[in-house]
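Structure first, commentary second.
The values are calculated or read from the model by the stated rules, or taken from the named source; none is laboratory data. What you are looking at is a predicted structure, and each value in this text was computed from that prediction instead of being measured. All Cβ positions, glycine included, derive from the backbone under ideal geometry; neighbour counts span all protein chains shown.
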Amino acid sequence: MSQADSPARRDGVGRPGPAPEAAFAAKGADGLGVSAPAVATAAHRTRAAKPPPHLADLAPEERDAWAESLGLPRMRARQAARHYFSRLERSASYMTDLPAAGRDQLVATLLPELLTEVARQTTDRGRTVKTLYRLCDSSAVETVLMAYPGRVTLCVSSQAGCGMACPFCATGKLGLKRNLTAAEMLEQVRLAARAAGAGALGEPARLSNVVFMGMGEPLANYRALERTLRGIAGGQAEGFGISARNVTVSTCGLIPGIDRLAGEGLPVRLALSLHAPDDETRDRLVPVNRRYGVAATLAAAHRYHLATGRRVSIEYALIRDINDQAWRASQLAERLCQYGTRWVHVNPIPLNPVEGSVWAASRPEAQDAFVRRLAQAGLTVTLRDTRGRDIDGACGQLAAKEVAK
Ligand code: SAH
């Protein structure tokens, strides 16, 4: 991987020069005696507008060099990575294979705290948990953890806010605050995996699936996304070991990102937020359609299927009298079936209420007729189970609002 992804390049303060190396190295063979690594100090001085560098931002092959540049033995980053990825641990007190002297500082440097839990809400009889986190610059993001029979799914955020401005989505109304780093996304996964393991959903459970359907447009944050996907799916000390096949990237249709993802050799599932089969309606519902129209976007989704062998999910929020007419279902079926029926899976989503939106969910009869029409065309259709609606945790409702306690 290129150096461009390293934390050092991101914030301009992370690639420590000789000073921190000397500081670490000056304290004995391991160089672990320094109390405040220059990396963290510099970040503090600038009031940490950007998150501090974190081990999980780096590709595995970059880690030795990073440790060395900090004046540490190369193996230290590998040791910390093992705790982080294999044991979901970032607490120094459990890392007894690291020298006791300076262990806290070492861990604070390699695995700094990036997310602070601010609030947690539970619903659906304990089977859905929404968590609000504050980031180091006071941005906020949310995750939603959901238990289903046989699987546990985490919905993660890829950006604070979102720049895509889809008018029916609460996150879209916030605008984009900033991209998350890979480590900030991986921390969402790690914390959720720990919570699930500790019984946050009832009995202890293993996090099995991750969907990038929280706040943000993942393909607008491509490099960090790619690093995150490898961190989720990698094995041993390289990732959390969640199968890439159980990971879904949902996009409003950024074609260059779709094509790039298709070439990564990662069999993640792609979900495309289509929401309308025609350009006129989609221009309104998904403004990026003015740049990447329906035909070109579906062609890219189909290329993704050809490259990965994975069925693509087509997300379609059903909005009363806007996009839910039966004739429109036929139009959708026709457009999808031009590539056959086996490459795709349609996922209609009952519209979730969003503050300030004039749109309503479809009437039950319209919803049923829409689904029936698609099924008649030979398409696989699954209506999305809407979780967490009462705690603003369902699709399109994440706005990282703090709830009055
Ligand atoms: N930016 C990504 C992830 C968005 S969230 C994307 O566009 O795909 C995941 C899904 O929820 C998307 O399909 C999104 O369009 C949909 N969604 C947004 N607001 C919604 C709402 N109010 N009701 C139902 N689904 C909504």
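Looking only at residues that are surrounded by 14 or more Cβ atoms within 10 Å (Cβ to Cβ), charged (D, E, K, R) and within 27 Å of Arg310 (Cα to Cα) in segment 336-392, which one is farthest from the ligand (Cβ to nearest atom)?
Arg373
In the set Asn221, Asn289, which member is within 12 Å of the ligand (Cβ to nearest atom), modelled with pLDDT of 95 or more, within 30 Å of Glu62 (Cα to Cα) and in a helix (DSSP H, G or I)?
Asn221
Can you tell me which condition Glu203 does not meet? The list is (1) within 14 Å of the ligand (Cβ to nearest atom); (2) under 26 Å from Thr386 (Cβ atoms); (3) surrounded by fewer than 20 Cβ atoms within 10 Å (Cβ to Cβ), and all the others hold.
Failed condition: (1).
Show the residue pairs meeting these rules: Cβ distance below 7 Å; 6+ apart or different chains; first residue within segment 131-143 and free of Cβ contacts under 8 Å to residues at least 60 places away in the same chain; second residue assigned to a loop (DSSP other than H, G, I, E, B).
What qualifies is Tyr133/Leu115.
With Arg125, Arg87 as the choices, which residue is basic (Lys, Arg) and closer than 30 Å to Ala361 by Cα?
Just a single option satisfies the conditions, and that option is Arg125.
Select from segment 134-172 the residues that are more than 16 Å from the ligand (Cβ to nearest atom) and in contact with a Ser or Thr (Cβ under 7 Å, 6 or more places away or on another chain) and list them in ascending order.
Of everything in segment 134-172, those that are more than 16 Å from the ligand (Cβ to nearest atom) and in contact with a Ser or Thr (Cβ under 7 Å, 6 or more places away or on another chain) turn out to be Arg134, Arg151, Val152.
Among the residues of segment 235-254, count how many are away from the ligand (no atom under 14 Å from the Cβ) and either more than 19 Å from Asn209 (Cβ to Cβ) or not assigned by TED's automatic domain parsing to the domain that holds Gly265 (or both).
3
Could you check segment 388-404 and list, in sequence order, the residues that are among the β-branched types (Val, Ile, Thr) and at pLDDT below 85?
Correct list: Val403 only.
Which numbered condition trips up Thr308, out of (1) under 17 Å from Ala333 (Cα atoms); (2) in contact with a Pro (Cβ under 6 Å, 6 or more places away or on another chain)?
Unmet for Thr308, out of (1) under 17 Å from Ala333 (Cα atoms); (2) in contact with a Pro (Cβ under 6 Å, 6 or more places away or on another chain): (1).
Can you tell me which residue within segment 325-335, out of those that are under 17 Å from Ala271 (Cα atoms) and among the aliphatic types (A, V, I, L, M), is farthest from the ligand (Cβ to nearest atom)?
Ala333
Filtering segment 173-200 down to residues that are surrounded by fewer than 24 Cβ atoms within 10 Å (Cβ to Cβ) and within 16 Å of the ligand (Cβ to nearest atom), which residue is nearest to the chain's Cα centre (by Cα)?
Asn179
Looking only at residues in segment 138-170 that are assigned to a loop (DSSP other than H, G, I, E, B) and within 14 Å of the chain's Cα centre (by Cα), which one is nearest to Ile319 (Cα to Cα)?
Cys162
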